[in-house]
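Everything below concerns the one structure shown next.
The values are calculated or read from the model by the stated rules, or taken from the named source; none is laboratory data. Quantities reported herein were computed from a predicted structural model and do not represent experimental measurements. Cβ atoms come from the backbone with ideal geometry, glycine included; neighbour counts cover every protein chain shown.
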């Protein structure tokens with residue numbers, strides 16, 4: 001087992017962002033960049049309750065729609081750890097996949113989780129693309145994988161995945177910028193309070209799109225103040241006139257992990273609920289960072 005460091009790991013990297021004017025690209029901004037009004041919807045899928053220690057499940061977008069981002073909500077106790085939140089673009093149809101695992105304490109009785117996929121009719125001019133970045137396997141106490149968007153594109157949704165963590169390595173999703181826009185997902189993995197003896201692999205996913213008009217793609221990053229508590233929660237809304245396209249959030253204190261990143265509604269979503277919890281009685285405060293991705 002590793003000895004636990006008390007150092008907090010905080011996302012501070014700031015990268016430049018490129019915003020292209022509509023005139024430079026030779027397109028009309030209103031028709032080229034707008035996700036059709038009312039087309040952003042949330043598809044919800046819930047995995048059946050049982051006592052399996054590791055589970056994966058997907059929410060599938062309707063035919064012809066693209067996945068922009070997603071969320072998850074575990075139900076069944078503090079020892080259910082989210083290990084994957086992955087947006088998938090595929091010829092057979094887009095989806096968002098979530099995986100979760102019981103930590104070494106196990107989960108008494110049945111448990112489940114919900115998967116949320118943010119889906120929309122997306123104009124080709126937005127150049128929607130998923131950029132993955134896998135790190136090499138590691139046994140480090142924590143790991144961070146950054147997936148940069150291509151030049152000229154902004155982050156519109158995020159994802160990450162931990163392989164071979166056995167429920168003892170949890171997933172957080174941060175971004176590269178504390179301002180209104182971001183250009184990269186920073187997936188973050190950390191071992192629990194008593195460490196993990198094996199090697200795990202962390203992958204980051206960025207969902208990226210062109211922004212032709214400033215303010216059409218935004219991130220709203222907030223935090224819950226450090227407190228000594230068993231769990232934290234918050235509710236955050238997109239700015240007026242914008243709709244949710246994805247969710248991200250995380251904690252940095254060992255033994256704490258995200259439990260909820262979920263939209264409040266499934267039609268024209270603009271409000272999200274977040275929750276984090278401690279898998280052992282907390283001896284000191286921890287904080288939660290949350291991010292909404294919003295688009296016009």
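Worth a mention:
- Checking region 119-141 against the condition returns no match, with no residue being free of Cβ contacts under 8 Å to residues at least 24 places away in the same chain, in a loop (DSSP other than H, G, I, E, B) and out of contact with any strand residue (DSSP E or B) (no Cβ under 9 Å at 6 or more places or on another chain).
- Checked against the criteria, residue 124 does not count as farther than 22 Å from residue 79 by Cβ and buried (at least 17 other Cβ atoms within 10 Å of the Cβ).
- Any chance residue 158 is at pLDDT 95 or above, under 15 Å from the mean Cα position of the chain (by Cα), assigned to a loop (DSSP other than H, G, I, E, B) and surrounded by 17 or more Cβ atoms within 10 Å (Cβ to Cβ): no
- Qualifying residue in region 240-256 (condition: surrounded by fewer than 24 Cβ atoms within 10 Å (Cβ to Cβ), without any contact (Cβ under 8 Å) to a residue 24 or more places away in the chain and not in a strand (DSSP E or B)): yes
- Restricting region 276-285 to residues that are assigned to a strand (DSSP E or B) and in contact (Cβ under 8 Å) with a residue 60 or more places away in the chain, the residue that is farthest from residue 123 (Cα to Cα) is 278.
- Scanning region 187-206 for residues that are assigned to a strand (DSSP E or B) and over 20 Å from residue 130 (Cβ atoms) turns up 190, 191, 200.
- Scanning region 193-201 for residues that are closer than 20 Å to residue 245 by Cβ and either modelled with pLDDT of 95 or more or touching a helix residue (DSSP H, G or I) at 6+ places or on another chain (Cβ under 6 Å) (or both) turns up nothing.
- All positions within region 106-115 that are within 11 Å of residue 53 (Cβ to Cβ) and assigned to a loop (DSSP other than H, G, I, E, B): 106, 107
Residue by residue, here is whether (1) surrounded by fewer than 20 Cβ atoms within 10 Å (Cβ to Cβ); (2) assigned to a loop (DSSP other than H, G, I, E, B) holds:
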{"position": "185", "(1), (2)": "no, no"}
{"position": "208", "(1), (2)": "no, no"}
{"position": "219", "(1), (2)": "no, no"}
{"position": "223", "(1), (2)": "yes, no"}
{"position": "234", "(1), (2)": "yes, no"}
{"position": "259", "(1), (2)": "no, no"}
{"position": "265", "(1), (2)": "yes, yes"}
{"position": "287", "(1), (2)": "yes, no"}
{"position": "290", "(1), (2)": "no, no"}
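- Taken over region 144-155, residues that are surrounded by fewer than 24 Cβ atoms within 10 Å (Cβ to Cβ) and either closer than 23 Å to residue 295 by Cβ or over 16 Å from the mean Cα position of the chain (by Cα) (or both) amount to 5.
- Residue match in region 86-98 (condition: in contact with a strand residue (DSSP E or B) (Cβ under 7 Å, 6 or more places away or on another chain), surrounded by fewer than 23 Cβ atoms within 10 Å (Cβ to Cβ), under 15 Å from residue 171 (Cβ atoms) and touching a residue at least 12 places away in the same chain (Cβ under 8 Å)): yes
- Residue within region 13-24 that is surrounded by fewer than 22 Cβ atoms within 10 Å (Cβ to Cβ), within 23 Å of residue 243 (Cβ to Cβ), out of contact with any helix residue (DSSP H, G or I) (no Cβ under 8 Å at 6 or more places or on another chain) and at pLDDT 95 or above present: no
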